[in-house]
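The values are calculated or read from the model by the stated rules, or taken from the named source; none is laboratory data. Everything numeric here is computed off the predicted structure, so don't read it as measured data. Quick reminder, even Gly has a Cβ in these numbers, built from the backbone with ideal geometry, and neighbours come from all protein chains shown.
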(Lines give C-alpha, C1' and ligand atoms only; values in the text may rest on other atoms or scores of the structure.)
Protein backbone atom coordinates (compact mmCIF):
# COMPACT_ATOMS: atom_id res chain seq x y z
CA UNK A 1 0.00 0.00 0.00
CA UNK A 2 1.18 3.53 -0.67
CA UNK A 3 1.85 6.15 1.99
CA UNK A 4 -1.68 7.57 1.65
CA UNK A 5 -3.10 4.11 2.30
CA UNK A 6 -4.56 3.84 -1.22
CA UNK A 7 -3.02 1.80 -4.01
CA UNK A 8 -3.19 3.48 -7.39
CA UNK A 9 -4.38 0.89 -9.89
CA UNK A 10 -4.77 1.51 -13.60
CA UNK A 11 -6.49 -0.78 -16.08
CA UNK A 12 -4.72 -1.60 -19.33
CA UNK A 13 -5.69 -3.40 -22.52
CA UNK A 14 -2.86 -5.70 -23.60
CA UNK A 15 -2.23 -6.69 -27.20
CA UNK A 16 0.49 -8.31 -29.28
CA UNK A 17 2.61 -6.81 -32.03
CA UNK A 18 4.74 -9.68 -33.26
CA UNK A 19 6.11 -11.43 -30.18
CA UNK A 20 6.00 -8.31 -28.00
CA UNK A 21 3.16 -7.56 -25.59
CA UNK A 22 2.08 -3.93 -25.40
CA UNK A 23 -0.66 -2.29 -23.34
CA UNK A 24 -2.66 0.94 -23.52
CA UNK A 25 -4.43 2.67 -20.65
CA UNK A 26 -8.04 1.47 -20.98
CA UNK A 27 -9.29 5.06 -20.65
CA UNK A 28 -7.81 5.71 -24.15
CA UNK A 29 -9.57 2.71 -25.74
CA UNK A 30 -13.03 3.15 -27.21
CA UNK A 31 -13.56 -0.34 -28.58
CA UNK A 32 -11.92 -3.30 -30.31
CA UNK A 33 -13.09 -4.36 -33.77
CA UNK A 34 -12.46 -7.44 -35.86
CA UNK A 35 -10.23 -6.68 -38.82
CA UNK A 36 -12.33 -5.25 -41.62
CA UNK A 37 -11.74 -3.87 -45.09
CA UNK A 38 -9.45 -0.86 -44.95
CA UNK A 39 -9.65 1.62 -47.83
CA UNK A 40 -6.14 2.72 -48.83
CA UNK A 41 -5.60 6.46 -49.17
CA UNK A 42 -3.01 7.46 -51.82
CA UNK A 43 0.14 9.40 -50.90
CA UNK A 44 0.15 8.54 -47.21
CA UNK A 45 3.02 7.05 -45.17
CA UNK A 46 3.36 3.24 -45.21
CA UNK A 47 2.16 2.92 -41.61
CA UNK A 48 -1.14 4.62 -42.62
CA UNK A 49 -3.07 1.59 -43.81
CA UNK A 50 -6.14 3.62 -44.82
CA UNK A 51 -9.57 4.37 -43.40
CA UNK A 52 -12.59 2.42 -42.19
CA UNK A 53 -16.24 3.36 -41.84
CA UNK A 54 -17.22 3.26 -38.19
CA UNK A 55 -20.95 3.87 -37.77
CA UNK A 56 -20.91 6.46 -40.55
CA UNK A 57 -17.69 8.13 -39.42
CA UNK A 58 -14.34 7.89 -41.18
CA UNK A 59 -11.59 6.52 -38.91
CA UNK A 60 -7.94 6.39 -40.06
CA UNK A 61 -6.19 3.05 -39.40
CA UNK A 62 -2.51 2.92 -38.47
CA UNK A 63 -0.25 -0.15 -38.52
CA UNK A 64 1.65 0.15 -35.22
CA UNK A 65 4.12 -2.54 -36.29
CA UNK A 66 5.19 -0.46 -39.30
CA UNK A 67 5.27 2.69 -37.13
CA UNK A 68 7.66 0.91 -34.75
CA UNK A 69 9.90 -0.39 -37.56
CA UNK A 70 8.56 -3.96 -37.51
CA UNK A 71 7.09 -6.07 -40.33
CA UNK A 72 3.68 -5.13 -41.73
CA UNK A 73 0.71 -6.60 -39.82
CA UNK A 74 -0.65 -9.64 -41.66
CA UNK A 75 -4.36 -10.35 -41.58
CA UNK A 76 -5.13 -13.43 -39.48
CA UNK A 77 -8.17 -14.65 -37.58
CA UNK A 78 -6.86 -12.76 -34.50
CA UNK A 79 -5.94 -9.46 -36.21
CA UNK A 80 -8.00 -6.59 -34.84
CA UNK A 81 -8.34 -2.83 -34.86
CA UNK A 82 -8.16 -1.06 -31.51
CA UNK A 83 -10.12 2.19 -31.70
CA UNK A 84 -8.28 4.73 -29.54
CA UNK A 85 -8.67 8.39 -28.66
CA UNK A 86 -5.47 10.40 -28.99
CA UNK A 87 -5.07 13.88 -27.49
CA UNK A 88 -3.69 16.56 -29.80
CA UNK A 89 -3.45 20.13 -28.59
CA UNK A 90 -6.45 19.65 -26.32
CA UNK A 91 -8.54 17.95 -29.02
CA UNK A 92 -9.50 14.27 -29.12
CA UNK A 93 -8.67 12.45 -32.37
CA UNK A 94 -10.08 8.97 -33.00
CA UNK A 95 -7.99 6.46 -34.89
CA UNK A 96 -7.66 2.72 -35.31
CA UNK A 97 -4.49 0.85 -34.39
CA UNK A 98 -3.86 -2.55 -35.99
CA UNK A 99 -2.76 -5.29 -33.61
CA UNK A 100 -1.90 -8.95 -34.20
CA UNK A 101 -4.20 -9.91 -31.33
CA UNK A 102 -5.81 -8.49 -28.22
CA UNK A 103 -4.94 -10.28 -24.99
CA UNK A 104 -6.91 -8.99 -21.99
CA UNK A 105 -7.81 -6.10 -19.74
CA UNK A 106 -5.76 -6.20 -16.55
CA UNK A 107 -5.02 -4.08 -13.49
CA UNK A 108 -1.55 -2.76 -12.81
CA UNK A 109 -0.45 -1.09 -9.60
CA UNK A 110 1.87 1.92 -9.79
CA UNK A 111 4.61 -0.02 -7.95
CA UNK A 112 4.55 -2.71 -10.68
CA UNK A 113 5.63 -0.18 -13.33
CA UNK A 114 9.31 0.41 -14.04
CA UNK A 115 10.55 3.45 -15.98
CA UNK A 116 11.02 2.95 -19.73
CA UNK A 117 14.60 1.87 -20.42
CA UNK A 118 16.99 4.36 -21.96
CA UNK A 119 18.59 2.21 -24.67
CA UNK A 120 21.18 4.54 -26.15
CA UNK A 121 20.13 6.97 -28.85
CA UNK A 122 19.01 4.47 -31.51
CA UNK A 123 15.61 3.64 -30.02
CA UNK A 124 13.07 6.32 -29.20
CA UNK A 125 11.29 5.26 -26.01
CA UNK A 126 9.41 8.54 -25.57
CA UNK A 127 6.17 6.77 -26.51
CA UNK A 128 6.49 4.37 -23.55
CA UNK A 129 5.15 5.31 -20.14
CA UNK A 130 7.06 2.41 -18.66
CA UNK A 131 7.43 -1.33 -18.39
CA UNK A 132 4.72 -3.15 -16.49
CA UNK A 133 5.40 -6.42 -14.68
CA UNK A 134 2.56 -8.89 -15.07
CA UNK A 135 2.99 -12.53 -14.04
CA UNK A 136 6.80 -12.10 -14.03
CA UNK A 137 6.72 -10.92 -17.67
CA UNK A 138 7.26 -7.41 -18.99
CA UNK A 139 4.55 -5.50 -20.85
CA UNK A 140 5.48 -2.37 -22.81
CA UNK A 141 3.11 0.39 -21.67
CA UNK A 142 2.32 2.72 -24.57
CA UNK A 143 1.56 6.40 -24.15
CA UNK A 144 -0.68 6.50 -27.23
CA UNK A 145 -0.66 10.32 -27.15
CA UNK A 146 3.11 10.26 -27.82
CA UNK A 147 3.27 7.55 -30.48
CA UNK A 148 2.48 10.10 -33.19
CA UNK A 149 3.80 13.60 -33.71
CA UNK A 150 1.37 16.49 -34.05
CA UNK A 151 2.19 16.59 -37.79
CA UNK A 152 1.29 12.91 -38.14
CA UNK A 153 -1.97 13.38 -36.23
CA UNK A 154 -2.81 16.39 -38.41
CA UNK A 155 -2.21 14.22 -41.48
CA UNK A 156 -4.45 11.50 -40.04
CA UNK A 157 -7.15 14.07 -39.27
CA UNK A 158 -6.90 15.44 -42.81
CA UNK A 159 -7.31 11.94 -44.26
CA UNK A 160 -10.46 11.37 -42.21
CA UNK A 161 -11.92 14.72 -43.21
CA UNK A 162 -11.02 14.34 -46.91
CA UNK A 163 -12.49 10.83 -47.07
CA UNK A 164 -15.68 11.99 -45.34
CA UNK A 165 -16.14 14.76 -47.92
CA UNK A 166 -15.75 12.27 -50.77
CA UNK A 167 -18.54 10.00 -49.49
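Here residue 32 fulfils each of the conditions (1) in contact with a helix residue (DSSP H, G or I) (Cβ under 9 Å, 6 or more places away or on another chain); (2) closer than 22 Å to residue 14 by Cα apart from (1).
Scanning region 53-82 for residues that are surrounded by 15 or more Cβ atoms within 10 Å (Cβ to Cβ), over 19 Å from residue 28 (Cα atoms) and touching a helix residue (DSSP H, G or I) at 6+ places or on another chain (Cβ under 6 Å) yields a single hit, 73.
Checking region 100-123 against the condition returns a match, with at least one residue being within 12 Å of the chain's Cα centre (by Cα), under 30 Å from residue 136 (Cβ atoms), part of a strand (DSSP E or B) and modelled with pLDDT of 90 or more.
When residue 50 is tested against (1) at negative phi; (2) in a strand (DSSP E or B); (3) crowded, with 17+ Cβ neighbours inside 10 Å, exactly one condition is not met: (1).
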